[in-house]
Every structure is written in C-alpha cells, then in structure tokens.
Amino acid sequence: MNTSFNPPGWMRPKGYSNVISATGRMVFIAGQVGWNEKEEFESDDFVAQTKQALSNINACLEAAGAGPQHIVRLTWYVIDKHEYLSSLEQVGATYREVFGRYYPAMSLVQVAGLIEVGAKLEIEATAVVPE
C-alpha cells in the first residue's frame, strides 16, 4: 500500500506528493520519451509528447502487473522549462487523463539535451506493487 504524507505545517503540494511510503515489489521504468512503440515521434508538440511518454509508462506498468496507483516517484527531464511552464495547465490535464488523480513524489529537471533527437522530455518512474 502506498501512502502520501506532508510534513506538519507545510502547504499541500499541487500535482505531486512530498513524501510517499510504500511496501511491496518494486518496479523501475526506464526514462520514456514521447515516441510510439516503433520509436517514432508522431508530434513535436510538448503536450503531445508528454501524453505519449506517460502512456508509455502506463504500458510498462501494465507489463509489470502494475498501474498508475502504484507509482511512487516520477522524475521528469525537460529541455525547456519555459515550454513546460507555459503548458502546465494542459500537462496537468493530460497527466490526469492518463494516470488519474495519483500524485507520487516528483522532480522536474531542465537538462541541456536528451539522447533521442526530437525528444522534448523524458520521464522515469518507480512503482511499488503491494504483495
């Protein structure tokens, strides 16, 4: 079972959790970019790539016998934080469309570049499935 916490007196974060406690089988998902199963980018739009990367994580979770509710940590790597920030409302809606209202611990880092040409972001996931 995964439980989220917040230190006493801290404001509740929006769209993520500060602390997650979990026990069970751990599932580690490699960084997923916004391409399809054939490793082809169908769009260079940031939100579209976000949806595809999150959908790729969902497919990996399913292959491991897990779901979005088991995610305990996401690490986002973006090339342009301004593109992310200007799309925040759409990214949030896309996140909820793919994962629902499960908000794990998250970090977002702006990077100089990604290995896959055309990728605007990459997202890693860690999940814990109760045994």
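Consider residue 75 against the criteria (1) under 14 Å from residue 33 (Cα atoms); (2) not in a strand (DSSP E or B): it satisfies all of them except one. Which criterion is unmet?
Result: residue 75 passes all but (2).
Quick one: residue 62 ticks every box in (1) of a type outside the set (Phe, Trp, Tyr); (2) surrounded by fewer than 18 Cβ atoms within 10 Å (Cβ to Cβ); (3) touching a His at 6+ places or on another chain (Cβ under 8 Å) except a single one, so which number is it?
Condition not satisfied by residue 62: (3).
Which pairs turn up if I take residues in region 49-65 that are free of Cβ contacts under 8 Å to residues at least 60 places away in the same chain and closer than 16 Å to residue 88 by Cα and look for partners that are part of a helix (DSSP H, G or I) and among the acidic types (Asp, Glu) with beta carbon separation below 8 Å, at least 6 apart in sequence or on another chain?
51/97
The conditions are (1) farther than 17 Å from residue 56 by Cα; (2) more than 15 Å from the chain's Cα centre (by Cα); (3) of a type in the set (D, E, K, R); (4) in a loop (DSSP other than H, G, I, E, B), and residue 83 fails exactly one of them. Which is it?
Only one criterion is unmet by residue 83, namely (4).
Mind listing just one residue for me: the one in region 13-46 that is under 13 Å from the mean Cα position of the chain (by Cα) and crowded, with 18+ Cβ neighbours inside 10 Å and, of those, modelled with the lowest pLDDT?
The extreme case among them is 17.
Rundown of residues vs (1) without any contact (Cβ under 8 Å) to a residue 24 or more places away in the chain; (2) over 22 Å from residue 44 (Cβ atoms); (3) of a type in the set (Gly, Ala, Ser), yes/no style:
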{"position": "67", "(1), (2), (3)": "yes, yes, yes"}
{"position": "96", "(1), (2), (3)": "yes, yes, no"}
{"position": "106", "(1), (2), (3)": "no, yes, no"}
{"position": "111", "(1), (2), (3)": "no, no, no"}
{"position": "114", "(1), (2), (3)": "no, no, no"}
{"position": "118", "(1), (2), (3)": "no, no, yes"}
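Is it the case that residue 77 is modelled with pLDDT of 95 or more and either under 13 Å from residue 53 (Cβ atoms) or surrounded by 12 or more Cβ atoms within 10 Å (Cβ to Cβ) (or both)?
In short, yes.
The values are calculated or read from the model by the stated rules, or taken from the named source; none is laboratory data. What you are looking at is a predicted structure, and each value in this text was computed from that prediction instead of being measured. A quick note on method: Cβ atoms are made from the backbone with ideal geometry, for glycine too, and the neighbour counts reach across all protein chains shown.
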